[in-house]
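Below you'll find the structure, written out as structure tokens, and then a few comments.
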Amino acid sequence: MSDTDGDIDGATILCRSLKDQGVKYMFGIVGFPVIEVGIAAQAVGLEYVAMRNEQAASYAASAIGYLTGRPGACLVVSGPGLVHALSGMANAMSNGWPMIVIGGSSDEDQEGMGAFQEFPQVESTRLFSKYTARPSNISRLPFYIEKAVRSSIYGRPGAVYIDMAGNMVNKKVAENDVSFVQKCAAAPRMLADPDTVKEAVSLLMTSSRPLVVIGKGAAIAGAEKNVRTFIETHKLPFLPTPMGKGVIPDDHPLCVAPARSRALLKADVVVLLGARLNWILHFGIPPRFDPNTKFIQVDICPEELHNNVGNRAIGLAGHLDCVVQQLTEALGKLPGCYTHPIKSPWRDTLQEKVTSNVKASETLASDLSVPMNYYAVFSKIRNVLPKDCIIVSEGANTMDIGRTMLPNYLPRHRLDAGSFGTMGVGLGFAIAAAIWLKDIGSTKKVVCIEGDSAFGFSGMEMETVCRYNLPIIFIVVNNNGISFGVDDDFYKQVKDMKTETSMLPPTSLLPSARYEKVIEAFGGKGYYVVTPDALENALDSCLNKHPNRPSLINVKINPTSMRKQQDFFWLTRSENKL
Ligand SMILES: Cc1ncc(C[n+]2csc(CCOP(=O)(O)OP(=O)(O)O)c2C)c(N)n1
Ligand SMILES: *[C@@H]1O[C@H](CO)[C@@H](O)[C@H](O)[C@H]1NC(C)=O
Ligand SMILES: [Mg+2]
């Protein structure tokens, strides 16, 4: 039988297999040799979203994985297309988000000859994925796709890669020779070792200064209900990591997030629910933690346990939703059912800090002078933000201040630069969220708040946003640079002297750049605002007058506006991690 004799081609088998495995969305950029894959995706009923750069496409695919629990697919061409998508794979691995990248590659009979865009794709993806394969027989594609999708969601979720040789895309076989594979079962829900659970609750019983840290592992596990029961039953003060926000609403009376530094430093037992002891939690060591702090670590990934803190941790490996139930149950069985008293010196000292830190932010926010500061901008946004909106955010000050100023009330409703600190994720994340909400018929809003530098990394995805009519509200907090910039006057002097490259600080970007004109170029609605009143009006217009239109508010702020000291929260060294 020749390659063209069969009744089903490689592209169709590939896409049907993805669909069979519960993949619904494909983000990508087509070209040789994957145009037919994009076409086949739509033919079998996948939603296909054509993006402008594979970086953004790969970020979008991983965000869909986080939001829905099934990986999004990212379709890329060989060589440079795949190299761009490595960004999203690395980010997904760092965040623990599932995604599947499909890379077209050179024909099998040209391997090693210097084929068009030839690149060692399988080897290059290995560092960036949990599983990678180059199938050599299209009849067996369903086998590889099932294995890839399963690997992306079992254990700690992450990226997977399938390499599709160009000649296999159009090659045909008899449909009877293809063994399609059933949708893989939901990820296993492992319990932690019961003896270690007992040890953990005994330790918690001895604590007079307990603290629960809710990580995005809790969000990924869908553990919001049982985490809440655990915390409320035992009256445990908690704080979320950046994307753990919303697993329990930020306005919960037991939330001590504004007292983060004090809570971490003074706690005697810290319960980590799907939160790693990496840089975001200062590794669990001094000076940000007491050297005698004990940890109860709950993680899906056994290799994570005891990282950086050795025997000061009791490690519970298992599915977070199950292990939290085990903890609640074991505590309930103990005599007296441990609850941390609402009135205690520990709660008092935390509450005192919560009050003073909130007051400090509000003082800054009440300064409505022009040019505006970050806090004033965020308080205006906070006043009108729908409670159930999905917040996407990136930048340095913009992201960090936004995180403290904008509350989350629902799990998996905040997507940001994440564990990997990647700039440029915002537009892809916002597009993925908006595509998903549209698809499920939800009228929830996506609000994407970007620093001006962050916006620039994927700014041309604005065309994608407008092409698909996604009613996202973009807010660019524009301080003329990376954390800070120069003002118009200084810039003009430098320009007149033609000393741009020697005198403009490396952080600076064009002062008063008109980013709102980018969205206008594609038919969206742009606003340029300088005063608090104009910002209020623009927000009202986006939310209430033009709710179905993509819009972008470019907010000019003071180029030297800074965050208050407490918001440098993650730093153990004195300098800012840009
Ligand atoms: C891919 C990537 N490149 C560079 C950086 C370094 N970096 C961290 S934050 C940031 C931009 C911060 O500026 P902006 O987005 O304007 O936010 P601002 O702090 O000014 O509010 C950069 C370039 C990064 N984190 N990721
Ligand atoms: C391809 O896989 C099919 C199904 O497993 C098998 O029947 C066939 O022999 C394989 N072809 C080659 C060339 O290995
Ligand atoms: Mg900036």
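The values are calculated or read from the model by the stated rules, or taken from the named source; none is laboratory data. Everything numeric here is computed off the predicted structure, so don't read it as measured data. Virtual Cβ from ideal backbone geometry, glycine too; neighbours counted across all protein chains shown. Note: areas computed on protein heavy atoms with side chains; ligands, DNA, RNA excluded. Shrake-Rupley method; radii C 1.70, N 1.55, O 1.52, S 1.80 Å.
Quick notes on this one:
- At least 2 residues being open to solvent by 10 Å² or more (accessible area, probe 1.4 Å) and more than 16 Å from ligand 3 (Cβ to nearest atom) is the threshold, and among the helices (runs of 4 or more DSSP H) wholly inside region 330-405 those reaching it are 345-365, 374-384.
- Of residues in region 122-136 being assigned to a loop (DSSP other than H, G, I, E, B) and basic (Lys, Arg), the one nearest to ligand 3 (Cβ to nearest atom): 130
- Where residue 228 falls short, out of the listed (1) in contact with a helix residue (DSSP H, G or I) (Cβ under 8 Å, 6 or more places away or on another chain); (2) modelled with pLDDT of 95 or more: (1)
- Hits in region 456-479 - residues which are in a loop (DSSP other than H, G, I, E, B) and within 16 Å of ligand 1 (Cβ to nearest atom): 458, 479
- Meets criteria (part of a helix (DSSP H, G or I) and touching a His at 6+ places or on another chain (Cβ under 9 Å)) for residue 42: no
- Hits in region 47-83 (condition: over 30 Å from residue 244 (Cβ atoms) and surrounded by 21 or more Cβ atoms within 10 Å (Cβ to Cβ)): 75, 76, 77, 78, 81, 82
- Evaluating residue 176 against the criteria (1) assigned to a helix (DSSP H, G or I); (2) out of contact with any Gly (no Cβ under 9 Å at 6 or more places or on another chain); (3) surrounded by 14 or more Cβ atoms within 10 Å (Cβ to Cβ) leaves one unmet condition, (3).
- Failed item, numbered, when residue 422 is tested on (1) open to solvent by less than 10 Å² (accessible area, probe 1.4 Å); (2) within 16 Å of ligand 1 (Cβ to nearest atom); (3) in a loop (DSSP other than H, G, I, E, B): (1)
- Test for residue 341: is it farther than 20 Å from residue 563 by Cα and modelled with pLDDT of 95 or more: no
- Selection within region 504-535 - open to solvent by less than 80 Å² (accessible area, probe 1.4 Å), in a helix (DSSP H, G or I) and away from ligand 1 (no atom under 16 Å from the Cβ): 519, 532, 534
- The residues in region 406-417 that are open to solvent by 10 Å² or more (accessible area, probe 1.4 Å) and closer than 15 Å to residue 63 by Cβ can be counted, and the count is 3.
- Hits in region 203-221 - residues which are assigned to a loop (DSSP other than H, G, I, E, B) and under 13 Å from residue 257 (Cα atoms): 215
- Residue among 27, 116 that alone is over 14 Å from the mean Cα position of the chain (by Cα), assigned to a loop (DSSP other than H, G, I, E, B) and over 22 Å from residue 178 (Cα atoms): 116
- Number of residues in region 222-277 that are in contact (Cβ under 8 Å) with a residue 60 or more places away in the chain, assigned to a loop (DSSP other than H, G, I, E, B) and out of contact with any strand residue (DSSP E or B) (no Cβ under 9 Å at 6 or more places or on another chain): the value is 3.
- Residue within region 457-472 that is at pLDDT 95 or above, over 26 Å from residue 47 (Cβ atoms), crowded, with 21+ Cβ neighbours inside 10 Å and in contact with a strand residue (DSSP E or B) (Cβ under 6 Å, 6 or more places away or on another chain) present: no
- Among the residues of region 431-452, some residue qualifies, meaning at least one is farther than 30 Å from residue 221 by Cβ and either in a helix (DSSP H, G or I) or more than 16 Å from ligand 2 (Cβ to nearest atom) (or both).
- Of the residues in region 480-489, at least one is more than 16 Å from ligand 1 (Cβ to nearest atom) and either surrounded by 22 or more Cβ atoms within 10 Å (Cβ to Cβ) or without any contact (Cβ under 8 Å) to a residue 12 or more places away in the chain (or both).
- Residue in region 160-168 that is closer than 22 Å to residue 268 by Cα, crowded, with 17+ Cβ neighbours inside 10 Å and of a type in the set (Phe, Trp, Tyr) present: no
- For residue 523, the criteria (1) at pLDDT 95 or above; (2) in contact with an Asp or Glu (Cβ under 6 Å, 6 or more places away or on another chain) hold in every case but one, which is (2).
- Residue check, residue 541 surrounded by 15 or more Cβ atoms within 10 Å (Cβ to Cβ), out of contact with any strand residue (DSSP E or B) (no Cβ under 6 Å at 6 or more places or on another chain) and at positive phi: no
- Matching option when the condition is out of contact with any Phe, Trp or Tyr (no Cβ under 9 Å at 6 or more places or on another chain) and closer than 16 Å to residue 273 by Cβ, among 310, 318, 284: 318
- Within the option set 183, 171, 130, being over 18 Å from residue 220 (Cα atoms) and buried (at least 17 other Cβ atoms within 10 Å of the Cβ) holds for one residue only, 171.
- Within region 286-326, restricting attention to residues that are acidic (Asp, Glu) and closer than 27 Å to residue 152 by Cα, the residue that is most open to solvent (accessible area, probe 1.4 Å) is 303.
- Region 1-34: number of residues that are open to solvent by 10 Å² or more (accessible area, probe 1.4 Å), free of Cβ contacts under 8 Å to residues at least 60 places away in the same chain and closer than 17 Å to residue 138 by Cβ: 3
- Pairs, first of a type in the set (S, T, N, Q) in region 171-190, second open to solvent by 70 Å² or more (accessible area, probe 1.4 Å), C-beta under 8 Å, six or more apart: 179/140; 179/143
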